[in-house]
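The values are calculated or read from the model by the stated rules, or taken from the named source; none is laboratory data. As the structure is a computational prediction, the values presented were derived from the model and not from experiment. Counting neighbours? That spans all protein chains shown, and the Cβs are built from the backbone with ideal geometry, glycine included.
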Amino acid sequence: MNILRSAFLALLLTSVSSLYSVPIICSVDLRDSLEKQLQDHSDLSAKDAAKHIESYLRQGGYPFAQAQVVELDGRNVISVKEGKIGKASVSGNKHLSTKGIIKNLDWNPGDSFNYGKFQRQAAQLNRNRFVVVDTKLSPKRGKDGEIIVDADFKVKDSVPISGNLDISNNGTPQSSGWRSKVGVEMWEPFSSSDRISFSYSTDPKETSEMQSYSFAYQANYGAFSHALFGGYSESEYSNQVSQSDLFLSDGMYLGFLGSYGFDSGGRDGISLTYGLTYLKSASKITLSGFAFQEAKVPLYLPRIGLQGNFANPWGDGQSFWSGSFVSDLSTSDNAELSQQRPGVEKGFFVTNLSFSTFEPLDLGAASGGISLKLNAQATSDALPPALQKGLGGQSGIRGYEENEGLGDRALLLNLEYRFDAQPGSLFGLDGNFQKLAFYDFGYSKFVSLPGATSDSSNLQSFGAGMIGSVGTNTDFTLQVGVPTDDGPDGTEKLQPRAHFGLNIRF
């Protein structure tokens with residue numbers, strides 16, 4: 001056994017030592033970033049390298065990190081102990097469950113203790129008007145010398161129901177351009193890990209022209225996460241988008257989404273996603289001289305995919321990715337499909353891909369980071385209007401009308417530099433404000449669009465904006481985009497457009 005142990009350690013240490021003269025022993029989730037630090041400071045002695053690693057971790061949110069040079073099987077190695085999450089006690093809660101509070105704080109005994117991450121989780125929970133959690137942390141030294149952090153959570157809570165009001169100018173040009181939404185959400189209606197919500201949205205200037213109702217039920221059970229959702233909409237406007245990212249002017253939709261998170265070996269951070277959506281809707285869409293007919297067509301749309309995240313191997317940031325496949329599996333009726341759009345046939349197949357990353361990067365005296373988002377939709381089939389992809393708008397190519405530049409295929413890129421948030425005040429209220437500068441690019445194309453003057457769109461823009469929070473219950477965003485190309489729905493190049501959103505929780 002000792003021979004096998006020594007051989008294994010020798011193999012491990014040899015593979016790591018190729019990156020640096022002294023191997024490092026640390027948690028798997030820290031290995032990539034710490035090895036990069038050693039490579040970037042390869043001129044340091046083992047003792048100085050250990051001091052650098054310890055300082056680097058403490059600055060990164062691990063206040064109890066320790067890094068020491070120790071001897072293992074006759075070799076010097078850098079042993080890193082960043083501190084672990086320990087036991088937790090919860091008291092004072094009358095309406096929220098102990099299990100639910102611990103889950104919302106992401107307090108998992110045995111995980112690495114990052115004080116910055118814990119602060120963010122606690123602040124996020126305390127943003128809800130119905131709960132206040134006061135924390136007392138108690139670090140202690142374990143038998144192996146590593147610091148274990150226990151916690152005592154004292155809770156003051158009330159009935160966990162909250163409301164929210166959204167106001168934004170992300171309506172389509174056929175309407176006033178404004179949208180308002182009122183919603184209510186309840187935590188733990190049936191178990192310690194579920195939530196249920198209802199919402200109503202309309203055009204605040206022309207309420208009779210557009211009304212939409214939706215609901216969602218979310219629950220987590222171990223590695224499984226599930227969501228049921230549905231909605232009904234009546235609208236005299238075109239190019240509407242439902243909360244499930246489907247174009248829906250008049251009609252209803254019901255759906256189920258689920259995920260299973262793998263938690264073993266190299267599959268950590270990867271989840272299997274699956275779902276089924278049913279909709280029966282009429283979508284009023286006119287573009288490039290071509291009008292899609294208004295006809296309610298039922299669709300059954302199963303989907304399956306994968307999603308995951310990883311620490312950036314090129315820096316200190318984090319990346320997220322997803323991929324999914326959607327199809328009607330030939331359950332649709334060709335005659336009904338052709339009523340909405342000629343050329344659409346059952347058996348259509350769609351691939352959706354997304355990638356986003358954030359990497360801290362200081363530019364001279366400015367501190368902040370680079371954010372990159374990529375979204376793509378690929379297909380070889382003509383699609384019903386509900387599945388087409390729009391480019392323009394507040395969450396797409398800023399500076400253009402909402403959903404401007406539709407297509408069966410699409411590619412969107414959003415590149416931002418986000419300055420670090422700074423404290424300040426607005427109308428006498430304290431808050432945090434984050435400036436950003438951006439460049440957006442998008443391309444879309446229809447597989448076939450007989451009778452249209454153009455079957456593709458190429459949109460680009462640049463601009464700047466601000467994201468902020470005021471007090472404990474108000475968030476806002478204000479971004480101004482300058483289009484560099486004319487848009488298919490009338491947007492003129494170099495004519496700035498402001499995108500505004502306000503969310504108030506009560």
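Of all residues in the stretch 171-193, one or more are in contact with a helix residue (DSSP H, G or I) (Cβ under 7 Å, 6 or more places away or on another chain) and within 25 Å of Ala282 (Cβ to Cβ). Per the listing Gly315, Gly305, Gly261, Gly231, the residue uniquely modelled with pLDDT of 95 or more and not hydrophobic (A, V, I, L, M, F, W, C) is Gly305.
Among the criteria (1) assigned by TED's automatic domain parsing to the domain that holds Tyr400; (2) crowded, with 17+ Cβ neighbours inside 10 Å; (3) in contact (Cβ under 8 Å) with a residue 60 or more places away in the chain, the one Phe153 does not fulfil is (1). Got at least one residue in the stretch 139-162 being at positive phi and in contact with a Lys or Arg (Cβ under 7 Å, 6 or more places away or on another chain)? Among the residues of the stretch 139-162, at least one is at positive phi and in contact with a Lys or Arg (Cβ under 7 Å, 6 or more places away or on another chain), which makes the answer yes. When the stretch 167-191 is filtered for residues that are modelled with pLDDT under 90 and buried (at least 18 other Cβ atoms within 10 Å of the Cβ), the ones remaining, listed by number, are Asn170, Gly171, Thr172, Gln174, Ser175.
Of the helices (runs of 4 or more DSSP H) contained entirely in the stretch 13-115, those carrying at least 3 residues that are under 26 Å from the mean Cα position of the chain (by Cα) and touching a residue at least 40 places away in the same chain (Cβ under 8 Å) fall at 28-40, 98-104.
Could you pull out the residue among Ser338, Ser327, Ser319 that is of a type in the set (Ser, Thr, Tyr), surrounded by fewer than 17 Cβ atoms within 10 Å (Cβ to Cβ) and at negative phi?
Numbers: Ser327 fails: surrounded by fewer than 17 Cβ atoms within 10 Å (Cβ to Cβ); Ser319 fails: surrounded by fewer than 17 Cβ atoms within 10 Å (Cβ to Cβ).
Of the residues listed, the single one that is of a type in the set (Ser, Thr, Tyr), surrounded by fewer than 17 Cβ atoms within 10 Å (Cβ to Cβ) and at negative phi is Ser338.
Okay, residues lined up against (1) more than 24 Å from Arg195 (Cα to Cα); (2) out of contact with any Phe, Trp or Tyr (no Cβ under 9 Å at 6 or more places or on another chain); (3) surrounded by 13 or more Cβ atoms within 10 Å (Cβ to Cβ); (4) modelled with pLDDT under 95:
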residue	(1), (2), (3), (4)
Ser79	yes, yes, yes, yes
Gly86	yes, no, yes, no
Asn93	no, no, yes, no
Ile102	no, no, yes, no
Phe113	yes, no, yes, no
Gln121	no, no, yes, no
Arg127	no, yes, yes, yes
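What's the number of the condition Leu415 fails, among (1) without any contact (Cβ under 8 Å) to a residue 24 or more places away in the chain; (2) of a type outside the set (S, T, N, Q); (3) touching a Phe, Trp or Tyr at 6+ places or on another chain (Cβ under 7 Å)? (1) is the only condition that Leu415 fails.
Applying the criterion of at least 1 residues that are among the small types (Gly, Ala, Ser), free of Cβ contacts under 8 Å to residues at least 60 places away in the same chain and over 30 Å from Gly392 (Cβ atoms) to the strands (runs of 3 or more DSSP E) found wholly in the stretch 174-233 leaves 210-221. The strands (runs of 3 or more DSSP E) found entirely in the stretch 410-472 that carry 1 or more residues being modelled with pLDDT of 95 or more are 429-445, 456-470.
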